[in-house]
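Read through the structure below, which is laid out as structure tokens, and then see the notes.
The values are calculated or read from the model by the stated rules, or taken from the named source; none is laboratory data. Because the structure is a prediction, the values reported are computed rather than measured. Note: ideal-geometry Cβ built from the backbone for every residue, glycine included; neighbour counts use all protein chains shown. What goes into the accessible areas is simple: the full protein's heavy atoms, side chains included, and nothing from ligands, DNA or RNA. Shrake-Rupley method; radii C 1.70, N 1.55, O 1.52, S 1.80 Å.
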Amino acid sequence: AETMEEEDEEALITTVQRKIEGWRAKQLAAPREGSGAAAAEDEGPIAVAVRLRPMHQAEADRIGRRIAGAAASSYEMPEFENVSVFPPNRVFLHSEVRQMGALTDKVATKKYEPHVAMGPEVDDDAVFGLLGMPLIRCMLDGGRACCIAYGQTGSGKTHTQTNLQIRAAREIFSSLGSLGEDMVVKVSFFENRGDRCYDLLHEGNEVQLRDDGTGEVHLVGLRAVPCASVEDVLEALAFGNGVRRTEATASNAQSSRSHAICTLSLHRSGDGVPGAGATEGGSCCGSLRIVDLAGSERHENSATHSAERLQEMKEINYSLGCLKECIRAQLLAAKGKKQQHVPYRNSKLTLLLKENLEPGTSVQDHRRTAFVSHVSPMRSSAGHSRNTLDYAAAMIETSRAEQERKKFVGPEQWSKKHMVEWVAQLDGGRFAQLAPSFQLTGKMFAVSWVGDLHRRGKAAGGSEADSN
């Protein structure tokens, strides 16, 4: 009887997989419009992308089989390819439907719409064209650009960021001649582990984070290396990537176990640019920050971890949780919730990423960030994939809400002229004679004492009732 149940369930798994494949074929046949490049450029200062890595052969061999659940008490899961990506901006997460714990032949599908969606067929050159080039343009224009890679361990984050580093270095040096002045390219590279940061290019020396009192975070002790060629940059990056903290995990034999932050920056030649032995400083004329976050792990995957690895996993998951909380708080603030505190100080990671997650404070403060969520293609990673895609959805909602907030010009932002015109047209022009006395900006009007408004109205020949 048990053998028959297993055979029936394997047949259902095959049916589920075939249904998903048939659904994909219909989606591919439907006409699509737009391009990911346009989406990345048009969605404001933060572009949110999803990248699905290719399936490994070992994963393909498991399709159609039953695999152990995520926890001892979990049901055995059918293994199948459960993520579908359709450029330019659609991602679908599939899961089997159960009734009273028993597998059925039905499939549940959840849709996500990032700014850019990239499947396994999108190669590294195309990824750089979609996401990297807008960041390079921001950097060359004197802005602060950043690419943040997020996702579970083994989902392809380090692969994406390493290739971005290489292509960015080549593009920056090929563009130096068009800048109209002599520039020096510098590279710095450090990793964040828990509450500590270490310089990957200088023997792992500890780096201190300091707030200058204006909200800017400075890295004291981080030393940048001036580079005269692409080869110099690549040599420095290869060295930094080679000494970064790694460990084997359930999903990846060589998983990055620290958050790594690489910065390529431009400085005017002779403008106080420090040498290789000096603390980073001088006048920065544009920067690109490439952030490879450590992969998230679930507690049920940590059965063989040592006490040190368990603590490391907790620190990584805590910092990623703080990042999610900051994104949530930003969303509430962008939706108009007043006095919304964004808890950047809860972890070193969020403090480091503050400048890349917040919008610029002025037109001159040009910033652009690409947030790249990485997912694995298999059902066995569904919990991680759902969490990653939910992160991406929250980032997208925050970005769109912030743009809508900026489009709205509320009374607090009115000029004196706008305020006078507004008073003049109230109630069909009834208070037009009072308008010249209200030479106030919207911000001043909002905090004015009612007695002062009465005085202004009376001075213009009106009554207290008119002022009210």
Surrounded by 18 or more Cβ atoms within 10 Å (Cβ to Cβ) and part of a loop (DSSP other than H, G, I, E, B): is that true of residue 201 in this structure? yes
Test result for residue 412, open to solvent by 30 Å² or more (accessible area, probe 1.4 Å), at pLDDT below 80 and charged (D, E, K, R): yes
For the stretch 147-154, does any single residue satisfy the condition of being under 23 Å from residue 283 (Cβ atoms), of a type outside the set (A, V, I, L, M) and either in contact with an Asp or Glu (Cβ under 8 Å, 6 or more places away or on another chain) or surrounded by fewer than 20 Cβ atoms within 10 Å (Cβ to Cβ) (or both)? no
On the basis of being at pLDDT 80 or above, closer than 30 Å to residue 93 by Cβ, hydrophobic (A, V, I, L, M, F, W, C) and outside any loop (DSSP other than H, G, I, E, B), does residue 394 make the cut? yes
I'd like to check something: does the stretch 179-186 contain any residue that is of a type in the set (Asp, Glu), touching a residue at least 12 places away in the same chain (Cβ under 8 Å), within 17 Å of residue 265 (Cβ to Cβ) and part of a helix (DSSP H, G or I)? no
Out of (1) open to solvent by 60 Å² or more (accessible area, probe 1.4 Å); (2) at pLDDT 70 or above; (3) over 30 Å from residue 88 (Cβ atoms), the odd one out for residue 13 is which? (1)
Look at residue 434 and say whether it is modelled with pLDDT of 80 or more and open to solvent by less than 30 Å² (accessible area, probe 1.4 Å). no
Quick check on the stretch 111-143: of everything there that is outside any helix (DSSP H, G or I) and touching an Asp or Glu at 6+ places or on another chain (Cβ under 9 Å), which residue is surrounded by the most Cβ atoms within 10 Å (Cβ to Cβ)? 115
Among the residues of the stretch 192-216, write down those that are without any contact (Cβ under 8 Å) to a residue 12 or more places away in the chain and of a type in the set (Val, Ile, Thr). 214
Which residue pairs have Cβ atoms closer than 8 Å, lie 6 or more positions apart in sequence or on different chains, and pair a first residue in the stretch 420-431 that is in contact (Cβ under 8 Å) with a residue 12 or more places away in the chain with a second residue that is outside any helix (DSSP H, G or I)? 420/438; 420/439; 423/431; 423/438; 431/462
Considering each residue of the stretch 113-167, count those that are within 23 Å of residue 316 (Cα to Cα) and aromatic (Phe, Trp, Tyr), and give that number. 1
Selection status of residue 383, modelled with pLDDT of 70 or more, of a type outside the set (Ser, Thr, Tyr), open to solvent by less than 80 Å² (accessible area, probe 1.4 Å) and at positive phi: no
Only residues that are free of Cβ contacts under 8 Å to residues at least 60 places away in the same chain and within 19 Å of residue 159 (Cβ to Cβ): list them for the stretch 107-128, please. 121, 123, 124, 125, 126, 128
Take the stretch 218-239 and flag every residue that is surrounded by fewer than 18 Cβ atoms within 10 Å (Cβ to Cβ), among the small types (Gly, Ala, Ser) and not in a loop (DSSP other than H, G, I, E, B). 238
Among what's in the stretch 367-380 and is among the basic types (Lys, Arg) and under 15 Å from residue 146 (Cβ atoms), pick the residue that is surrounded by the most Cβ atoms within 10 Å (Cβ to Cβ). 368
(1) at pLDDT below 95; (2) part of a strand (DSSP E or B); (3) under 23 Å from the mean Cα position of the chain (by Cα): which one isn't true of residue 252, the others all being true? (2)
Just to be sure I understand the filter: pairs with C-beta atoms under 7 Å, separated by 6 or more residues or on different chains, first member in the stretch 299-316 and at pLDDT 80 or above, second member hydrophobic (A, V, I, L, M, F, W, C). Which pairs pass? 316/294
For the condition at pLDDT below 85, surrounded by 14 or more Cβ atoms within 10 Å (Cβ to Cβ) and under 20 Å from residue 258 (Cβ atoms), what is the one hit in 282, 295? 295
Considering only residues that are modelled with pLDDT of 85 or more and surrounded by 14 or more Cβ atoms within 10 Å (Cβ to Cβ), look in the stretch 205-217 and name the one that is nearest to the chain's Cα centre (by Cα). 209
Here are the criteria: (1) within 24 Å of residue 319 (Cβ to Cβ); (2) open to solvent by 60 Å² or more (accessible area, probe 1.4 Å). Tell me which single one residue 174 does not satisfy. (1)
